1. Kindly report the accessible area of region 126-166 per residue (heavy atoms of protein chains, probe 1.4 Å, no ligands, DNA or RNA), in Å².
2. Within region 288-337, list the trypsin sites (Lys or Arg not before Pro) lying in a DSSP loop whose Cβ has at most 14 other Cβ atoms in a 10 Å radius.
3. Can you give the charge dipole size of the chain about its Cα centre, rounded to the nearest 20 debye, using +1 on the beta carbon of Lys and Arg and -1 on the beta carbon of Asp and Glu?
4. What does the highest-first list of 415-421, 12-18 look like by mean Cβ count within 10 Å?
5. Taking H as built 1.01 Å from N, whose amide H comes closer than 5 Å to the amide H of His63, not counting residues under 5 places away?
6. So how many Lys-Lys pairs in the chain land under 23 Å Cα to Cα, not counting same-chain pairs under 8 apart?
7. Given charges of +1 on the Cβ of Lys and Arg and -1 on the Cβ of Asp and Glu, with all other atoms neutral, how large is the dipole of region 78-185 about its Cα centre, in debye to the nearest 20?
8. Where the only charges are on Cβ atoms (+1 Lys, Arg; -1 Asp, Glu), what is the dipole of region 248-379 about its Cα centre, to the nearest 20 debye?
Amino acid sequence: MIDLVISGGRVLDPARDLDRVAHVLIDGGCVVDVQADGADVPSARARIDAAGLWVTPGLIDMHVHLREPGGEHKETIATGTAAAVAGGFTTVAAMANTSPVNDDPEITRWMIGRAEAAGLARVLPIAAVTKGLAGETLTDFAALRAAGAVAFSDDGMPIMDPDIMRRALVEARRLNAAVITHAEDRTLACGGVMHAGAVADRLGLRGMPGSAETAMVTRDCALAAETGAHVHVAHISTATAVAAVRAAQAARTHVTAEATPHHFTLDAEAVAQYGTLAKMNPPLRTDADVAAVRAGLADGTLAAIASDHAPHHADEKARGMAEAPFGIVGLETTLALVLALVDAHVLSVLAAIRALTIGPATALGIAAGRLGAGSIADVTLIDPDKRWTVDPARFRSLSRNTPFGGMAMRGKAVAVCLGGRVVDADLDGRFTR
């Protein structure tokens, strides 16, 4: 007798291009087998009837801000991982811009311990590249890596000094880790609050030109080629930056990149409608940029989709465009927005799940995002036809800062297994013991 059988679902395992109705057998926290429909299924201590559902590797969000330590009025590791599993994510990678900054191995270990105590999603800390995110002194990469950091990033604070970036890449390559870059030339961005263009001019707001992103992506692609290191471009937003990444990949440079739902769903006009709820960095761009990000996802240039979940208290977002912080929450809306790309024929079903599983796992260099025999049994069950309306008041996140409130969605995670243990489920009697 095994621990769990997930029976009769559409099993999607992009790591091996698997898409078929099958049974997933789980025992001892691992996937034992994926059996074709019609095979004799062994006895199990628990069973999930997954007929009509998609069964995927546990979704991975490689770019979240959990705010703890120091920003517990916005989010905690417990509430952030609750939001993660509600959105179908079994693993999240947490950025370093906490207070204190995750630039010390003790903070890295503390974050992992807090996540283990919460017992929901796995939290993989991303450590700072520079002390205090100041862009001046490199952190101890080796010590942070040994403590559990999966990558390095000063996300939110671009590394303006190219020599510091180059030295970081050399050290990261030695440890087989990625440096995740927030691509923004601040001398070009000039303290802007939204994309520089017609909408900013109409609203009388200071703009951030697309060249601020493209200049840094181009620089970092060149440094990756020179050092042989892995650069991952976070939250890419411009057509020219996508083209730069595509060219670097064609030249066999180790550059990967991610797209966020807001950058492939909304353009700068959303700022006029939603105000500070649409204030983010990088900013929402033009409709041509949105199309380019979608094209980058479609052709595989952008191998991962990440939420850039950035919770903020309502009082902070009420300060007006000039003073409100950048960012929106995303863990609980990302999946449905990705599935909208399937409806729009931008991505196939398997490609959409790939961008949420093996794509981010490969970028982070972690053994996850698979459903093959021997894999850790992190599993997400999705009802692709479930219709729902975004109600921020019902978020499990502590924060509500989203422009998607009131939007009708189709597709939702209905259960999550972590190491074979069902940690979150809305299965309406499908789960039996």
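The values are calculated or read from the model by the stated rules, or taken from the named source; none is laboratory data. Everything quoted here is computed from the prediction, not taken from an experiment. So basically every Cβ, Gly included, is an ideal-geometry build from the backbone, and we count neighbours across all protein chains shown. Accessible surface areas use protein heavy atoms only, side chains included; no ligands, DNA or RNA. Shrake-Rupley method; radii C 1.70, N 1.55, O 1.52, S 1.80 Å.
1. Using a 1.4 Å probe on heavy atoms only, each residue of region 126-166 averages 35 Å².
2. Answer by residue number: Arg319.
3. Values: 39 positive and 49 negative charges, 54 e Å.
Using Cβ point charges on Lys, Arg, Asp and Glu, the chain gives about 260 debye.
4. Result, highest mean Cβ count within 10 Å first: 415-421, 12-18.
5. Distant-sequence amide H within range of His63: Ala93, Ser307, Asp308.
6. 4
7. Magnitude of the dipole: close to 460 debye.
8. I would put it at about 360 debye.
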